[in-house]
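Where a number appears in this text, it was derived from the coordinates with a stated rule and is not lab data. Given the structure is predicted, the values throughout are model-derived calculations rather than measurements. Counting neighbours? That spans all protein chains shown, and the Cβs are built from the backbone with ideal geometry, glycine included.
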Amino acid sequence: MSLIWLIPVLLFPKKAKIISGVIGLVLWSSSLITLGYFCIYKQEFSQSVLFIIFESNTAESSEFIAQYFKWWMLLVFAGHTFIAFSLWKRIEPIELSTKYAVIFSLLIFTFSIGLPTYKDFVIKDKSWPDSMDKLQLRMEPAEPWQLVMGYIQYRKQLANMNALLEQNDSLPPLSGLKQKNGDLPSTLLLVIGESTNRNHMSLYGYNRETSPNLKKIKGELAVFKKVVSPRPYTIEALEQVLTFADQENPDLVMTKPSLMNMMKQAGYKTYWITNQQTLTKRNTMLTTFSKQMDIQKYMNNSRAQNSREYDENVFGPLEEALKDIAKHKFIVIHLLGTHMKYDYRYPPEFEKFKDAKDLPSHFTEMQISTINSYDNAVLYNDFVVNKLLTMIKDKNERSLMVYFSDHGEDVYDTPPHDMLGRNEGKPTAAMYTVPFIVWQSEKWQASRRLDLSKFLNRPYSTSHFIHTWADLVGLDFSEFDASKSIVNESFKEKPLLVGDPKVKGQLRELKQ
Ligand SMILES: [Zn+2]
C-alpha cells in the first residue's frame, strides 16, 4: 500500500523532490498521531480509539494528554522526523524511460489494488461494498489510511448504531413492570465471560487446577452444571441472551425491549464496563446495547481482536461504579475472557501450565502448547471473576452477581481432537458448554431467600436468560415467562436448540 506513493514520483521524475516532499508531509503528520498513540498504548490506532476520543469530553482529553505525555516521546518524534527528513534530502530523480516508469506504476497499482479487488469482486463473487471493505481493511495498517479509514469506519458504524438506538427508543416499555421486593437497595453485577468452556474449569471437575479461587468459595456459589449457549459466536449469542429473542424468535432483538431497557425501566442506574472492542463492524450491536445504559466505560482500544488486553482493565471502573450512591445499581461487565489468542489473555505470572502434565498422550506438541495457553487463560479468568466477586462482596450490600460465558470453545476437546475454536457449521458440544454461576450476598439472602441448589442440574439455554435474570432480581411484568427461568418452580425443560435460526433446517437439538 505504501508503494503507491512511488507512482507520481515515477511518472514525473523531474518533480521528484517536490512531490515526495508534499506526500512526505502528509504521511509524516498523520504518522505522528499514530506513533504517539503507539508510544502510549503499544498498540495500533483504530476506529475504536476515535470512538472513545469523541465519546469522552474535551476536559478528559486534555487530562489524558497530560497524564500520558512523556518527555521521551519528544525524542521519538524527533528521531522519526530526522530519519524521514534526511532520506528526503537525498532523493534524486529516478532515471527511467517513460515506458518503464509506466510499466512499474501499473505493476504497483495492479498488485496493491487491482488484483486483490479483482479476486474479491470477480473470482470470490463478493458484492462491491464487501470488496471495498476488504480493500479498506488491507489499507488500514499503512499511513495515512489508519486515520482516514479509522474515521470512515467510525462514521459508518456510528450511523448504523444510531439507527439501531433510534429503533430501540421507539419501542413501547414492558407492561406492568414491578419490583417484587419493594424498594430495597440493590447492587446487581452481571459478568459476561468470553469463549470459556466450563469443562476446562476445575470448578466443574477439570483435572488441572484452573479455577482455584472459585473452587475455594464453592459453598457460596450456585454452580449450574448443564447450561449451554444457543450460538457459538459473541454477537449472535448475546443478541439472544440480553433480549427476548431466542432460537425460535430471532427477530425479537430489535422489536422488544432488551434486558438493559428493562433494568432502566425498573429504576436502576445502569453501567456498562467492557474490555471488548467497541465500534468495529462486528461489535456495533454490542456497542448499541452498551448505549442503552446510563454510563459506559470502554477499556479496549485495539484494532485487532487478537491483541493483548488483560481483563483487570475493568477493576478500576467497577470500583468507581460501586462507589456510586445510587440506591439501585445494575452493572454489566463484559470480559475478553479466554478469547483467542489465548497467550494474549493473561500476564506472565499466570503461566502455570507449561508441559504435557495431566494431558492425554494423543496430543501433538503444538496442540499441547495451545491447550496450555488456554488453561492459563482460564486460570487468569478465575482470578478476574473471583476478584470482581470479592469487590462486590466487600461492599457488604444487598447484592447479587451472575457470571456466565457467552459461548464455549473447542480446544481439541472433541474426538478426533483436531478442532480448535468454534464453527457453527460443524458444531461440537464444547463450543456451547458454558459456566453459569450465581452468587447472592448475605443481605440479599436475608431479604429474598432463594434456594438455588435444587435447580443446578436443569438443562438450560442462555437464550432465555432474560427470564432467569428478571426472576433472580425480583422483577415481574406481563412478558415474563416462568417456564423459561432456570430458578423458577414452574421451569419447563426445553430442547437446547443450536445452529443459525436464519438458515432453514439448521436448528437442531444440541444432544444430536
Ligand atoms: Zn464470544
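Things worth noting here:
- Only the Cβ atoms of Lys and Arg (+1) and of Asp and Glu (-1) were treated as charged; on that basis the dipole of region 221-328 about its Cα centre amounts to roughly 40 debye.
- Summing +1 for each Lys or Arg and -1 for each Asp or Glu among the other residues whose beta-carbon sits under 11 angstrom from that of S490 gives -1.
- Using 0.36 nm per residue and subtracting the Cα-Cα separation, the extra length available between N181 and I123 on full extension is 14.7 nm.
- The alpha carbon centroids of region 398-457 and region 228-264 are separated by 17 Å.
- Under the simplified labelling scheme, the K327-E95 pair shows an inter-label distance of 8.7 nm, with each label point 7 Å from Cα along Cα→Cβ.
- Here the dipole of the chain is about 380 debye; that uses its Cα centre as origin and unit charges on the Cβ of Lys and Arg (positive) and Asp and Glu (negative).
- When the Cα positions of N168, V332, P116 are compared along the charge dipole of the chain, P116 comes out farthest toward the positive end, with charges on each C-beta of Lys, Arg, Asp and Glu.
- Counted by Cβ distance under 14 Å from P8, the other residues give a net charge of +3, where Lys and Arg count +1 and Asp and Glu count -1.
- Cα-based shape type of region 102-150, given that a ≥ b ≥ c are square roots of the gyration tensor eigenvalues and the cut on a/c is 1.5: oblate
- Computed magnitude of the charge dipole of region 120-200 (debye, nearest 20; Cβ of K, R +1, Cβ of D, E -1): 240
- FRET efficiency estimate (nearest 0.05) - Cβ-Cβ, F77 to K492, R0 56 angstrom: 0.30
- Helix runs (DSSP H) in the chain reaching 24 Å along axis by Cα, Kyte-Doolittle at least 0.5: 16-41, 71-89
- Neighbour-count ranking [beta-carbon atoms within 10 angstrom, fewest first] of H339, H328, H334: H328, H339, H334
- Contour minus Cα-Cα distance for N207 and E312 (0.36 nm per residue): 35.2 nm
- Of P144, Q292, A101, farthest towards positive along the dipole that unit charges on Lys, Arg, Asp, Glu beta carbons give the chain: A101
- Applying 1/(1 + (r/R0)^6) with r as the Cβ-Cβ distance of A446 and E365 and R0 = 51 angstrom yields a FRET efficiency of 0.40.
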